[in-house]
Amino acid sequence: MIGDRRRWWIVCFVSLVGIRWCAPADAVDWLGTIDQSWHLDANWDSGTAPGSSDPISGDDAEINTTSPDYFPIVSVPGAVARDVLLGTTAPGQMTVNSGGTLSARSLQVGLTGSLSGALLVTGGNVLLDEQLQLGVAESAFGIVTLSGGTVQIGNMQTGDVADRDDILVGATAANTGDNILVVDGVWLQGRDLIVSNGASGHNELEVNSGTVDAKSLLLAQGDNTFAYATLSGGDLQLADDVIVADGVGSDGNLDIIDGLLSARSLTAALSSDSFATMTMVGGTLDTADRGDVVIGHAGDAALLLSGGNVLAQNVAVALVDGTGLLTFTDGSLTTSADFSIAMDQFALGFVDQTGGTATVGGNLLLTGNSSAAMASYTLAGGTLDLTGGTVQFNAGMAEFFFTGGRLEHVASYGATLYQEGGTIAPGGSVGAMSIQGDYYVTGGSYEAEVDGTAGTADIIYVQGTATLSGELVVQAFFPYPETGFYSQHILTASQISGAFVDDPITTGGEHAGFGTFVTNVEYSPTDVTVQLFQALSGDTNGDQDVDISDFNGLAIGFDPMGVDSATNDWQNGDFDSDGDIDISDFNALTVNFSPTGYGMIATVVKDSGTVRSVPEPQAVFTFGNGLLLITAVLGVVRRCPPSHPA
């Protein structure tokens, strides 16, 4: 180390908007001859610690040692320098501990040659007027680990230009080194957080815990740059945008394992010939309040979603000229507006969903106005919920493959629908779906829900021909208000061929819920209709009597504490649908006990009518008979202690 000398430095700062030259400044070299205290004058080559009350007019501090016994440590307030330079003539390292405060214009880590710089902040405060730079020139590399305290950039109000308050990992195009910024339990505040600002080395950001508060996160900015960011915990809060890969040959990578990334928008592969890869296994990506998630703007991008939550206004897979891929195996994706695939020019967009839940607040748009665009959506598992929106096939080549999973609450499907598997459910509860073409069913199921209270049911309107196979499942959403027979249309088409191979009659699933039983499925040349019977409380099996078999079923399932509330239903004796089988259910059975039948209802109601005659039980229990049945029930459900071998 050279002692007691001054050197002039001309420091070049590179930002996204150009180059700024700063006035020469005196540089004070760290010697560490006495101890590791920054504040001790004898530890510096000039005999005086750098800085003044104003870091802009003070001295630069050069630190070129990594020896465990000699590098500087800031443990008390008042450490000041103009620019802190770690690694100019030899590797440099410093630490800021709890209770310490370091104030400077900038902090640069790894400046020349192949030299390294390292900064460890375990507590206290680092206050920078302008930039934190890692990897400034040549193959130098910087490592910054923030495990406690606060790092604020652009907070000192010393006449700094607003666009200079950046955090640069791989600070300049001249840098080819590998640089890493680790945030683990600290509050980091700055303007733009840029990982690979034209630098061609391996540049990385890791956020494990704590909070990062910045304007934007920019990964791989410039041609032939590489950047990698991992969020495994904490909060990454951005006022503006996330851009992953912007430059010819740029390669940006973003992994979200846990934590929260909130931003105005996220765009992957912004420029042509750029590449972006994103994975989510947990955590939350949230642009819902302000903007969009774009997977492949003009370049090639992929999002592998296997957990966590994506919240956005719009999600676009391949927006302009890019290629976008969304592979969806678990987690959730929710939009307040549209889900778009291959929207413009020569865009190629692909969505492959095998799990998870996609909830679309607007419409699913397969291509836009360009006939050269291509879009494909494969639903093989999970749930695609359009919440009453439409599936639109526009100017380009578009395909929707339905081989599994669940397609629900679609108001209109704008082409011929081929269902090879999975479940189609027209309404969010009960609703209608129109198919603007033919409907071919070779597998899977149609889940038709019935709302007895409103007298309505799900229905599919097919503009063309419906060719049926697969399974019909009928579920009651609410019971009918009165006991009797009801009829509901569930599908209509210009022509119907085939039939559901399996239906509630053939599979033994006649009970649709709430005491509503399917008695028949009828086919006409243009309609499919289900015939339903609303049973009287106590009639567990819908055979139009309340007899000893119903009583035995209730006795076996008697569960006054609701231990099996998840599986208790009408057929077990839960007639009031409160999750338990108790004395109120028993009383309903006894009042309606009619072993010879409670009368056939002649009135047949078509689509939302009501039955006006209520059958009377053909046998009325006396109070004494009720007591006998209570005694019997208690005898059946008395639980003996488990026997143990002698």
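Hey, can you find the accessible area per residue of segment 357-499 for me, probe 1.4 Å, expressed in square angstrom?
For segment 357-499, the solvent-accessible area averages 33 Å² per residue.
With label points built 7 Å along Cα→Cβ from the Cα atoms of Ser67 and Thr465, find their separation and express it in nm.
Calculated label separation equals 9.0 nm.
If the viscosity is 1.002 mPa s and the temperature 20 °C, what translational diffusion coefficient in µm²/s does Stokes-Einstein give for segment 172-301 when Rh comes from Kirkwood over Cα pairs?
Using the Kirkwood radius from Cα pairs, D works out to 152 µm²/s.
Could you tell me the relative contact order of the chain? Use alpha-carbon pairs under 8 Å, at least six residues apart, and round to a whole percent.
Dividing the mean separation by the residue count of the chain yields 4 percent.
So, in nm, how far is label Asn552 from label Asp35 when the simple model puts each one 7 Å beyond its Cα toward the Cβ?
Rounded to a tenth, the inter-label distance reads 9.0 nm.
Would you mind getting me the FRET efficiency between Ser584 and Ala239? Use the beta-carbon distance for r and R0 = 60 Å, nearest 0.05.
0.55
I'd like the carbon and sulfur percentage of the solvent accessible area for segment 212-338, probe radius 1.4 Å, heavy atoms only, ligands and nucleic acids excluded.
Values: 1890 of 3800 Å².
The computed percentage sits at 50.
Restricting things to alpha carbons, find the Rg to Rh ratio for the chain using the Kirkwood radius for Rh.
Radius of gyration relative to Kirkwood radius: 1.20.
Highest mean first, how do 497-506, 168-177 rank when packing is the count of other Cβ atoms within 10 Å averaged over residues? Write out the running numbers ahead of the final one.
Working: 497-506: 16.1, 168-177: 25.9.
Put in order of decreasing packing, that is 168-177, 497-506.
Take the solvent-accessible surface of the protein heavy atoms, probe 1.4 Å, and return the percent of it on segment 449-563 that carbon and sulfur atoms account for.
Of the solvent-accessible surface of segment 449-563, carbon and sulfur hold 55 percent.
Rounded to the nearest 10 Å², what accessible area does Phe551 have for a 1.4 Å probe in the complete protein model?
For Phe551, the solvent-accessible surface is approximately 10 Å².
Which of Thr516, Leu102, Ala229 sits closest to the plus end of the dipole of the chain, meaning its Cα is farthest towards the positive end, when Lys and Arg get +1 and Asp and Glu get -1 on the C-beta?
With unit charges placed on the Cβ atoms, the residue in question is Leu102.
Could you tally the net charge around Ala372, taking each other residue with its Cβ under 13 Å from the Cβ of Ala372, Lys/Arg +1 and Asp/Glu -1? Display every interim value, and only then the final one.
Values: positive: none; negative: Asp321, Asp344.
Charge balance in the 13 Å sphere: -2.
Whenever you get a sec, line up Arg290, Arg406 from highest to lowest accessible area (probe 1.4 Å, protein heavy atoms).
Per-residue accessible area, sorted high to low, gives Arg290, Arg406.
Ranked from highest to lowest mean number of other Cβ atoms within 10 Å per residue, what is the order of the peptides 538-547, 428-437?
Ranking the peptides 538-547, 428-437 by packing returns 538-547, 428-437.
What are the membrane-span-like helices in the chain by this rule: whole DSSP H runs, Cα extent along the axis at least 18 Å, mean Kyte-Doolittle hydropathy at least 1.0? Write down the numbers at each step before the final one.
Details: long enough: 623-637 (21 Å, 2.10).
Sorted by number, the helices that extend far enough and score high enough are 623-637.
How compact and how long is segment 325-474, expressed as Rg and Dmax of its alpha-carbon atoms in Å?
When restricted to Cα atoms, segment 325-474 yields Rg and Dmax of 14.8, 50 Å.
For segment 219-360, what Kirkwood radius comes out of the mean inverse Cα-Cα distance, in Å?
The Cα-based Kirkwood calculation yields 14.3 Å.
The values are calculated or read from the model by the stated rules, or taken from the named source; none is laboratory data. Because the structure is predicted, anything quoted here is derived from the model rather than measured. We place every Cβ from the backbone using ideal geometry, glycine too, and count neighbours over all the protein chains shown. Accessible surface is based on the protein model in full, side chains and every heavy atom, while ligands, DNA and RNA are left aside. Shrake-Rupley method; radii C 1.70, N 1.55, O 1.52, S 1.80 Å.
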